[in-house]
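The values are calculated or read from the model by the stated rules, or taken from the named source; none is laboratory data. Note that the coordinates shown come from a computational prediction; the quantities given were computed from them, not determined experimentally. Cβ placement follows ideal geometry from the backbone for every residue including glycine, while neighbour counts extend to all protein chains displayed. All accessible areas refer to the heavy atoms of the entire protein, side chains included, with ligands and DNA or RNA removed. Shrake-Rupley method; radii C 1.70, N 1.55, O 1.52, S 1.80 Å.
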Amino acid sequence: MGATYRSPDTSAPAGPVAGCFHCGLAVPAGAHYAVAIDGLSRPMCCPGCQAVARAIVGGGFSDYYRHRTALPASPREALPEFLDRLSLYDAPEIQRGFVRDAGEHAREASLILEGITCAACVWLNEQHLARLPGVRSVEVNYTSHRARVSWDDRAIKLSEILRAVAAIGYTAHPYDAARQDEVHRRERRAALWQLFVAGFGMMQVMMYALPVYLAGDGEMSADIETLMRWASLVLTLPVVLYSGAPFFRGAWRDLRFRRLGMDVPVALGIGLAFVASCWATVTGKGEVYFDSIAMFVFLLLTGRFLEMGARRKASEAAEQLVKLIPASAWHLAGYPGSRAETRVSVSGLAPGDVVLVKPGETVPADGRVTEGVSEVDEALLTGEARPLDRRPGDALTGGTLNLASPLVMRVEKVGQDTVLAAIVRLLDRALAEKPRIAAAADRVAGGFVLAVLVVAVAVFALWLRIDPERALWVTVSVLVVTCPCALSLATPAALAAATGRLTRLGLLTTRGHALETLARATHFVFDKTGTLTFGRMALKEVRPLGRLSIPECNAIAAALERGSEHAVGRALAAAAVTPLDAQEVVNVPGAGIEGMVEGARYRLGTQEFVGALHGRPAPGVTPAAGAATLVALGDCSGWLTLFGLADELRPEGAALVAGLRNAGKQVILLSGDGPEAVLRVARQLGIETVVGGATPARKMEFVKELQERGAVVAMVGDGVNDAPVLAKAQVSIAMGEGTQVAQASADMVLLSGRLDTLLEGCRHAARTMAVVRQNFAWAIAYNLVALPLAVAGLITPWMAGIGMAGSSLLVVLNALRLAGASKEGRALTAEDAEDAAESDIGLRPRNSSA
């Protein structure tokens, strides 16, 4: 493990360790998780080890480090037995970094699962943990091996959940990005060694088998042939016992829990072939196929190794998000009185702390700028390629990159409460949840293994009558060549790749069914404010009606509205070049605002409210084109000016509507705003079906009417009043700037805020379902062709190994096409819609119009 130790000595501190002082793993570059042990600062690899080490020292157990003579063989053993009994991971201070409050008595944790090799492993862990009393939900991400577990802390403790995972042969520990990288490296290194042993053994066995195959009758003596067999047995033994161990462990684990996983037929085939070959070698009767066994194991391991790499690539987007938060930050203790900079661990930050973010560094937590002006890059978080300005008072999101100048920030949210943590949780949930077609595939794959074993028994009995010498090898080929893995991988591999691609574009998928349903959507229903518009008012026109100039009117209005949180007030306050001061300001809800500016009394608001101040008749003008709202300004002598304001349309709105209509989708504008304002926006965007003045209840009723006519509704909204209708629609998309309630109700979140990203998402969803359809077609066709050929004795065991490994690998590689560069800017077409409809496997609803 790269560590050296002195002889045990109760008086001497623990010996030097080239790595984490607690568990021995490598310390990632830039990590700062030191713990003072016996007066010396010892490096730690992650917050988990740091917390455990602190608990050991704080509990008076420093002797543990003095007396140990070797580092633990695995991270699990890094927890001494007495600390395991104390259930250290149940301590609140240790849970702070990876456990979040999910409601009253509800806790949720993100864990790493070691030992996951196939979809069956995911199923086993989910089923085993779900049966524990107190566990509310378990979701395991097959591509990243991350598990999200929710439990009732009154009924079960986290330590009990971790022990339950260990009881079925896996290892679970708190999620940490650096630690997961180390786990992946360790798993890859182990896989490479197993592959090397299998490959080396295969080549050596082939060297002994080839002369036997080539020798004619009488050209090789019986003694030499026997020697060749024994040499082949010795060389195949490490291939079976070491390289083939994962298959036997997986099969034993499945059988212990009375289920038939995908490792069972493989282990059975390898075991039967090896035992029969050993028997033939010992007795000197019958054929031996040690070369086929070694080649078979090598080919299967090659397929799994390539699949492991493909899975990692498919989950890159989620992994990149997790790694955005830096390990350390510059803490400004005593700010603003003192500016002393201290490098601290990000895990130790708390709300209210003040940190310095230097140019080129990553924002360590969520907070607000207190000092400095700079630009930040949010590309990895939201897909927004342009740098965004940040000034005092502006919000900063953890994980974004400071580009230009130093910023001083006051921390508001840390750990699991940050925006980035919420995004990762939603992404994990989407990848862990199984869409309808994936659940159907899993059910088929579950019964498939049993069917294969029944067929294998029948084939063996049949071939015993036809040709007893070939019965065993034909049976082994039948066990191996059939591949339920491809069926189980068909959907999750494609969804992981597509979800990662859309996340990079700025469209976050939060539910497993979202892409499948988006591809089938027939009606797209949009809210107006904050969805098709930016949700912020802009000053479009100023009409002077009295003695004052436009700049003077702007200054008076800005003085009255200074500090206002209303959209109209902020727009007027931003328009003034020379600000003035207002006194005796009184706000009249629903009417306007009144106050004194430079000794004169003014009113700003509705024409009725302002007219009551001076008694003059209303000017009787209508808003100019592009202005939806009129705000009047007047004093005791009469009218001074009219301000025309409007909510600014998003520039991509018209292209989005046109793209959806070209693909045969119905586009509807459903808004609670006034009918005139809604109609004006609809005309500008080319939307024909419009409903204005709709209450939340009316929105729900409207969507329900569409669904009763057979429509698959995609709802795009923003705001608290959109949450119910978002939940009602078959698939819902919330704007990234929307409220947390709306985003929690939505199946997808448009983090980029750009509507053209939604158009790209629709196209990508159609393409994803086409790839899923291709994967299913291949998996079914392969098994329908391969099984009869194996039963007929036309496929040897090594050919079966190639077929099984190649089938799973082809499915994953086909899915990876979705993770690559997409055709940016291409419009959604009717062909995309047809792809989505065909991929629905007979579940397409009848079309209906609004």
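The combined condition, being of a type in the set (A, V, I, L, M, F, W, C), at pLDDT below 80, touching a helix residue (DSSP H, G or I) at 6+ places or on another chain (Cβ under 9 Å) and open to solvent by less than 30 Å² (accessible area, probe 1.4 Å), is not fulfilled by residue 161.
Taking the range 602-612 as the range and being modelled with pLDDT of 85 or more, open to solvent by 40 Å² or more (accessible area, probe 1.4 Å) and farther than 20 Å from residue 564 by Cα as the test, only 612 passes.
The number of residues in the range 237-260 being closer than 14 Å to residue 304 by Cβ and surrounded by 19 or more Cβ atoms within 10 Å (Cβ to Cβ) comes to 5.
The one condition from (1) more than 50 Å from the chain's Cα centre (by Cα); (2) closer than 21 Å to residue 647 by Cβ; (3) of a type outside the set (A, V, I, L, M); (4) not in a strand (DSSP E or B) that residue 543 does not meet is (4).
For the range 32-144, the strands (runs of 3 or more DSSP E) that sit wholly inside it and include 2 or more residues that are open to solvent by 60 Å² or more (accessible area, probe 1.4 Å) and at pLDDT 75 or above are 40-42, 99-101. Of the numbered criteria (1) open to solvent by less than 30 Å² (accessible area, probe 1.4 Å); (2) farther than 30 Å from residue 181 by Cβ; (3) not hydroxyl-bearing (Ser, Thr, Tyr), the one residue 333 fails is (1).
Filtered by the rule that a residue be in contact with a strand residue (DSSP E or B) (Cβ under 8 Å, 6 or more places away or on another chain) and either at pLDDT 90 or above or open to solvent by 20 Å² or more (accessible area, probe 1.4 Å) (or both), the range 347-356 gives 350, 351, 352, 353, 354, 355, 356. Within the range 240-253, residues that are modelled with pLDDT under 90 reach partners that are open to solvent by 20 Å² or more (accessible area, probe 1.4 Å) with beta carbons closer than 7 Å, at six or more positions or on different chains, in the pairs 246/117; 249/169; 250/117; 253/169.
Restricting attention to the range 216-233 and to residues that are exposed (fewer than 12 other Cβ atoms within 10 Å of the Cβ) and in a helix (DSSP H, G or I), the residue that is modelled with the highest pLDDT turns out to be 223.
Note on the range 627-711: enclosed helices (runs of 4 or more DSSP H) holding 1 or more residues that are buried (at least 18 other Cβ atoms within 10 Å of the Cβ), free of Cβ contacts under 8 Å to residues at least 60 places away in the same chain and under 33 Å from the mean Cα position of the chain (by Cα) are 653-662, 696-708.
Residue 621 satisfies every condition listed in (1) in a loop (DSSP other than H, G, I, E, B); (2) within 30 Å of residue 519 (Cα to Cα) except (2). Condition first: of a type outside the set (A, V, I, L, M, F, W, C) and outside any helix (DSSP H, G or I). Now tell me which residues in the range 791-813 satisfy that. Correct list: 793, 796. Can you name every residue in the range 552-577 that is at pLDDT 85 or above and in contact with a Ser or Thr (Cβ under 7 Å, 6 or more places away or on another chain)? Scanning the range 552-577 gives 553, 555. All told, residue 531 falls short of being at pLDDT below 90 and over 21 Å from residue 647 (Cα atoms).
Among the residues of the range 285-308, the one identified as free of Cβ contacts under 8 Å to residues at least 60 places away in the same chain and not hydrophobic (A, V, I, L, M, F, W, C) is 285.
The set of residues in the range 174-215 being assigned to a loop (DSSP other than H, G, I, E, B) and either crowded, with 18+ Cβ neighbours inside 10 Å or at pLDDT below 70 (or both) consists of 175, 176. In this structure, residue 501 qualifies as within 30 Å of residue 726 (Cα to Cα), at pLDDT below 85 and of a type outside the set (Gly, Ala, Ser). Under the condition of being closer than 18 Å to residue 456 by Cα, small (Gly, Ala, Ser) and outside any helix (DSSP H, G or I), the residues counted in the range 234-268 number 1.
Just give me the residues in the range 374-388 being at negative phi and at pLDDT below 85, in sequence order.
Within the range 374-388, the subset at negative phi is 374-382, 384-388.
Of everything in the range 374-388, those that are at negative phi and at pLDDT below 85 turn out to be 377, 378, 379, 380, 381, 382, 384, 385, 386, 387, 388.
Candidates 510, 529: the one that is in contact with an Asp or Glu (Cβ under 7 Å, 6 or more places away or on another chain) and open to solvent by 10 Å² or more (accessible area, probe 1.4 Å) is 529. For the range 578-601, a residue qualifies if it is over 25 Å from residue 530 (Cα atoms), part of a loop (DSSP other than H, G, I, E, B) and either open to solvent by less than 30 Å² (accessible area, probe 1.4 Å) or at pLDDT below 75 (or both), and the qualifying residues are 578, 579. One residue stands out in the range 754-804 among those that are farther than 22 Å from residue 454 by Cβ and of a type in the set (Ser, Thr, Tyr): the one that is surrounded by the fewest Cβ atoms within 10 Å (Cβ to Cβ), namely 796.
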